[in-house]
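Only one structure is covered here, and it is reproduced in the block below.
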Amino acid sequence: ITGGAIVSPTQGYFVAYAGWQDTSLYRFNPSTGEVGDAPVSGISGVDIQMLAVDPEDRVWVGLADAMEPRIVVLDAADESVVSTIQTSMNPI
C-alpha cells in the first residue's frame, strides 16, 4: 500500500503497489477492513502518484504517464469518472 484516502466511515481507497509504475486503486471499508475483490475499473496497472478526497466526496487520482499525465476525478458513490484533467507534468 502506497497511499490511501477515506471518504466516509464505510468507504475508503488505497493504492496497491505491484511493481515499478504498476499500481492499482482498490476500495475498502475502513470500519470492517473488507477490501473489494477487484481494482476500481480503469485504474489498475497504472502509475498512481496522488490520491485525495475533496469536500464533495470525489476521489482525485493523479496518474503519471509519459504521454498522457492526468488527474482522474471519480464520483465516490458509483466510481464513475466525473472529469479528467490533462496536465503537462506528472501530478504528485
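Highest first, please rank the peptides 28-35, 10-17 by the mean number of other Cβ atoms sitting within 10 Å of their residues.
On the way: 28-35: 12.1, 10-17: 17.9.
The packing order, highest mean first, is 10-17, 28-35.
Take the chain, connect every pair of alpha-carbon atoms lying under 10 Å apart with a spring to form a Gaussian network, then pick out the residue of A52, A77, A66 with the largest mean-square fluctuation.
Of the options given, A66 has the highest mean-square fluctuation.
Can you compute the modelled spin-label distance between Q86 and A38, with each label point 7 Å from Cα toward Cβ, in nm?
2.9 nm
Accessible area per residue for region 5-70 in Å², computed with a 1.4 Å probe and the full protein assembly in place, what is it?
Averaged over the residues of region 5-70, the accessible area is 55 Å².
From Cα pairs below 8 angstrom and at least 6 apart in sequence, can you work out the relative contact order of the chain, rounded to a whole percent? Walk me through the numbers before you get to the answer.
Numbers: 213 pairs, mean separation 17.4, N = 92.
Relative contact order, the chain: 19 percent.
Quick one: pull the percent of accessible area on the chain belonging to carbon and sulfur, 1.4 Å probe, ligands and nucleic acids left out.
Working: 2820 of 5360 Å².
Ligands and nucleic acids excluded, carbon and sulfur reach 53 percent.
The values are calculated or read from the model by the stated rules, or taken from the named source; none is laboratory data. Remember, predicted model here, so these are calculated numbers, not experimental data. Every residue, glycine among them, receives a Cβ derived from its backbone with ideal geometry; neighbour counts consider all protein chains shown. Surface accessibility is based on the protein's heavy atoms, side chains included, excluding ligands, DNA and RNA. Shrake-Rupley method; radii C 1.70, N 1.55, O 1.52, S 1.80 Å.
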